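Each remark here refers to the structure printed beneath this line.
The values are calculated or read from the model by the stated rules, or taken from the named source; none is laboratory data. Everything quoted here is computed from the prediction, not taken from an experiment. Glycine gets a Cβ as well: all are built from the backbone with ideal geometry, and neighbour counts include every protein chain shown.
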Amino acid sequence: MHDALHGFLAEAAARHGQVTVAAQIQLIEVDGQNEFVVAGTVIDATRPEPVALAAQRGPLQDRTPHWRRMAARTSSRAEARLVEQDLNARGYADVVTVDGALIGNPGLGALIVETADGKTGLGADVLTLLQAAGLLDAAVPCTDLPLALSGAKRVWWVSPRFETHPVRVIGTHHFESEVPGHE
């Protein structure tokens, strides 16, 4: 894996210079041998374009069957791509479940919510990877528990490709969408 990853990074640097890359590593079998394949995309870690998130009303517990959650994490990510295309066609980057004043994890990415008390991340699986890459301050607490939108001054959405956008609206809740660094 070490050789595959370093080869990928060397190729990215040769083609694009000093960049940030979101990479995916897969273990495959070729002629009875295990091989690592690295694929990735050059990203802009902080994007200035504000996004809108759709809000769906309902209970915050995850009603998605276990098999479907596991399938969404496969290398094809076909279902996630279809959801993303549908949301984009309607002018949204992602969808968030809302139950009263509480919001749950986004369907595709993660959120960073800023209140007077500081920042909190929602979508720990995505945000801990962002922290490990040095793209999010490690002091920002991350959770998968529902958060209250009341008191939120700013919100940022982290895409599945680890690009962070200011959020302009979640359902009917509007936010300041300036682009100060969220780190």
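A compact table of results
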item	result
Pairs with Cβ under 6 Å, 6+ apart, first in region 142-153 and touching a residue at least 60 places away in the same chain (Cβ under 8 Å) and assigned by TED's automatic domain parsing to the domain that holds LEU129, second part of a strand (DSSP E or B) and of a type in the set (A, V, I, L, M)	PRO146/LEU102
Residues of region 144-158 classified as at pLDDT 90 or above, part of a loop (DSSP other than H, G, I, E, B) and over 18 Å from THR97 (Cβ atoms), total	1
Selection from region 162-183 of residues that are outside any strand (DSSP E or B) and at pLDDT below 85	SER177, GLU178, VAL179, PRO180, GLY181, HIS182, GLU183
Region 13-61, subset under 25 Å from ASP144 (Cβ atoms) and among the charged types (D, E, K, R), residue modelled with the lowest pLDDT	ARG47
Test: ALA116 is hydrophobic (A, V, I, L, M, F, W, C) and over 23 Å from GLY58 (Cβ atoms)	yes
